[in-house]
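Let me begin by presenting the structure, written as structure tokens, before commenting on it.
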């Protein structure tokens, strides 16, 4: 079986984002055996590894794993990794705290553990006023679905601008894609690359 590329992401307890990453090649069957999962799942799922799984992975791959107190995630490389700039996905909070991102969106099912954990990382900064929040709730017959907007102080105008851009049944155009990128804090050059390389909606991300 040919070797394939995997990525280990060492997540910061403070932001939930990757603080350190290691990319390596190995046989998918070896990883599937460690995780007790199907090989097909390795392409579509992310895995949080416990100490025993990390030890087994280090043994199989000879990886010099660093000591780490936070969570460790195993993933496959994604198309988004091809971008020649920092894509904000999964780095929203540290980029906002650093003043490099003015606006972010988080969406998910209210009460879902993963969604609430990510929301909880933003909460202290919302409470101290360094990040502003707007919550939209969608209720149907099932669970409540939340769309949460976050903005730096002085950038809250983006809440209404994003609503105006994305609400309604009209077809999504290249110009709308560009406007969305600008609202999320991407430069003109970054939007050019994104559109030229056909990275457009719909695009499956949890946050932006």
Candidates 112, 145, filtered to the one that is surrounded by fewer than 17 Cβ atoms within 10 Å (Cβ to Cβ), at pLDDT below 95 and out of contact with any strand residue (DSSP E or B) (no Cβ under 7 Å at 6 or more places or on another chain):
112
Residue check: is residue 137 touching a strand residue (DSSP E or B) at 6+ places or on another chain (Cβ under 9 Å), modelled with pLDDT under 95 and surrounded by fewer than 13 Cβ atoms within 10 Å (Cβ to Cβ)?
yes
Checking residue 86 against (1) exposed (fewer than 14 other Cβ atoms within 10 Å of the Cβ); (2) in contact (Cβ under 8 Å) with a residue 12 or more places away in the chain; (3) closer than 25 Å to residue 194 by Cα, only one condition comes out false. Which one?
(2)
Which numbered condition trips up residue 46, out of (1) loosely packed, with under 14 Cβ neighbours inside 10 Å; (2) more than 13 Å from residue 72 (Cβ to Cβ); (3) under 15 Å from the mean Cα position of the chain (by Cα)?
(2)
For segment 1-31, name all the residues that are free of Cβ contacts under 8 Å to residues at least 24 places away in the same chain and either under 19 Å from residue 71 (Cα atoms) or buried (at least 17 other Cβ atoms within 10 Å of the Cβ) (or both).
21
Of the residues in segment 170-208, those that are surrounded by 14 or more Cβ atoms within 10 Å (Cβ to Cβ) and either modelled with pLDDT of 95 or more or assigned to a helix (DSSP H, G or I) (or both) number 16
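Results for (1) in contact with a helix residue (DSSP H, G or I) (Cβ under 6 Å, 6 or more places away or on another chain); (2) farther than 25 Å from residue 14 by Cβ; (3) in a loop (DSSP other than H, G, I, E, B), shown as yes or no for each residue.
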position: 134; (1), (2), (3): yes, no, no
position: 137; (1), (2), (3): no, yes, no
position: 148; (1), (2), (3): no, no, no
position: 154; (1), (2), (3): no, no, yes
position: 159; (1), (2), (3): no, yes, no
position: 168; (1), (2), (3): no, yes, yes
Could you check segment 103-123 and list, in sequence order, the residues that are assigned to a strand (DSSP E or B) and either within 21 Å of residue 154 (Cα to Cα) or out of contact with any helix residue (DSSP H, G or I) (no Cβ under 9 Å at 6 or more places or on another chain) (or both)?
103, 104, 105, 106
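I'm trying to understand the selection: among the residues of segment 58-71, which are in contact (Cβ under 8 Å) with a residue 40 or more places away in the chain and in contact with a helix residue (DSSP H, G or I) (Cβ under 6 Å, 6 or more places away or on another chain)?
Of the residues in segment 58-71, the ones in contact (Cβ under 8 Å) with a residue 40 or more places away in the chain are 63, 65-66, 68-71.
Scanning segment 58-71 gives a single hit, 65.
One residue is enough: does segment 89-107 have a residue meeting the conditions without any contact (Cβ under 8 Å) to a residue 12 or more places away in the chain, under 14 Å from the mean Cα position of the chain (by Cα) and surrounded by 15 or more Cβ atoms within 10 Å (Cβ to Cβ)? Before the answer, list the steps.
The first filter runs over segment 89-107 and keeps only residues without any contact (Cβ under 8 Å) to a residue 12 or more places away in the chain, leaving 98.
After this cut, where a residue has to be under 14 Å from the mean Cα position of the chain (by Cα) as well, the list is none.
Scanning segment 89-107 turns up no residue that is without any contact (Cβ under 8 Å) to a residue 12 or more places away in the chain, under 14 Å from the mean Cα position of the chain (by Cα) and surrounded by 15 or more Cβ atoms within 10 Å (Cβ to Cβ).
The values are calculated or read from the model by the stated rules, or taken from the named source; none is laboratory data. These numbers were taken from a predicted model, which means no experiment stands behind them. Ideal geometry is used to build each Cβ from the backbone, glycine not excepted, and the neighbour counts take in all protein chains shown.
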